[in-house]
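> Have a look at this one.
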Amino acid sequence: MKVPSFHTHDDPAQQLAGMGRSFPGFRWQRTRGGMTWRGTLSPTCESPVYGVRIVHRTGWSPRVFIDSPQVADDAPHRYSSDRSLCLYWPVEWRWSAKESLAENIVPWTALWLYYYEIWCVVGEWLGPSSPHGMPKEEVIE
């Protein structure tokens, strides 16, 4: 089976308005080739506050990392190559220039954290699952 291309033709700066409206606590910084967003999410009122980093490079799908508190090394639904979160299976849904960090990636990150917390307690991922793997060209160094 051919792995779908992750390349898009978007400009990460197009996300500024949507993120500013929906997640004003997230701060952005221009980086080489794109933008990095940093903010916090807490999926429930009893959850810790998670430091989230979204790396969005021009022409690539956004990558999401949990910077704090540290996520368990064996947590499911993370890419082994860079430990970013696996939020969707590209065969089922694909990032494109018309997609929104604020409408898709950030809410899916909050859901990932919710299911992660359940996994920590019960030892089983109760959220949606799809097979995953990542082409080498997607690794962020």
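> Go through the stretch 46-99 and give me each residue that's of a type in the set (D, E, K, R) and open to solvent by 30 Å² or more (accessible area, probe 1.4 Å).
Residues of the stretch 46-99 that are of a type in the set (D, E, K, R), as a first pass: 46, 53, 57, 63, 67, 73-74, 78, 82-83, 92, 94, 98-99.
E46, R53, R57, D67, D73, D74, R78, R83, E92, R94, K98, E99 - these are the residues of the stretch 46-99 that are of a type in the set (D, E, K, R) and open to solvent by 30 Å² or more (accessible area, probe 1.4 Å).
> Continuing with the same structure: Among the candidates G25, G39, G34, which residue alone is touching a strand residue (DSSP E or B) at 6+ places or on another chain (Cβ under 6 Å) and at pLDDT below 95?
Values: G25 fails: at pLDDT below 95; G39 fails: at pLDDT below 95.
Answer to the check: G34.
> Condition test on W112, is it within 27 Å of G18 (Cα to Cα), at pLDDT 95 or above and not basic (K, R)? It would help to see each step written out before you state the result.
Numbers: within 27 Å of G18 (Cα to Cα): yes; at pLDDT 95 or above: yes; not basic (K, R): yes.
So W112 passes the test.
> Quick one: V52 ticks every box in (1) of a type in the set (A, V, I, L, M, F, W, C); (2) touching a residue at least 60 places away in the same chain (Cβ under 8 Å); (3) touching a strand residue (DSSP E or B) at 6+ places or on another chain (Cβ under 7 Å); (4) closer than 24 Å to S129 by Cα except a single one, so which number is it?
Among (1) of a type in the set (A, V, I, L, M, F, W, C); (2) touching a residue at least 60 places away in the same chain (Cβ under 8 Å); (3) touching a strand residue (DSSP E or B) at 6+ places or on another chain (Cβ under 7 Å); (4) closer than 24 Å to S129 by Cα, the lone unmet condition for V52 is (2).
> A further question on this structure: Taking the options P43, P24, name whichever one is within 24 Å of W125 (Cα to Cα) and either among the charged types (D, E, K, R) or open to solvent by 30 Å² or more (accessible area, probe 1.4 Å) (or both). Step through it out loud before you land on a result.
Values: P24 fails: within 24 Å of W125 (Cα to Cα).
It is P43.
> Hey, another quick one. Pick from L101, L85, L111: which is in contact (Cβ under 8 Å) with a residue 24 or more places away in the chain, in contact with a strand residue (DSSP E or B) (Cβ under 6 Å, 6 or more places away or on another chain) and under 24 Å from P128 (Cα atoms)?
Numbers: L101 fails: in contact with a strand residue (DSSP E or B) (Cβ under 6 Å, 6 or more places away or on another chain); L111 fails: in contact with a strand residue (DSSP E or B) (Cβ under 6 Å, 6 or more places away or on another chain).
Criteria check complete, one pass: L85.
The values are calculated or read from the model by the stated rules, or taken from the named source; none is laboratory data. Everything numeric in this text was worked out from a predicted model, so none of it was measured. All Cβ positions, even for glycine, are placed from backbone atoms using ideal geometry, and neighbour counts span all protein chains on display. Quick note on the areas: whole protein, heavy atoms, side chains included, nothing else; ligands and nucleic acids left out. Shrake-Rupley method; radii C 1.70, N 1.55, O 1.52, S 1.80 Å.
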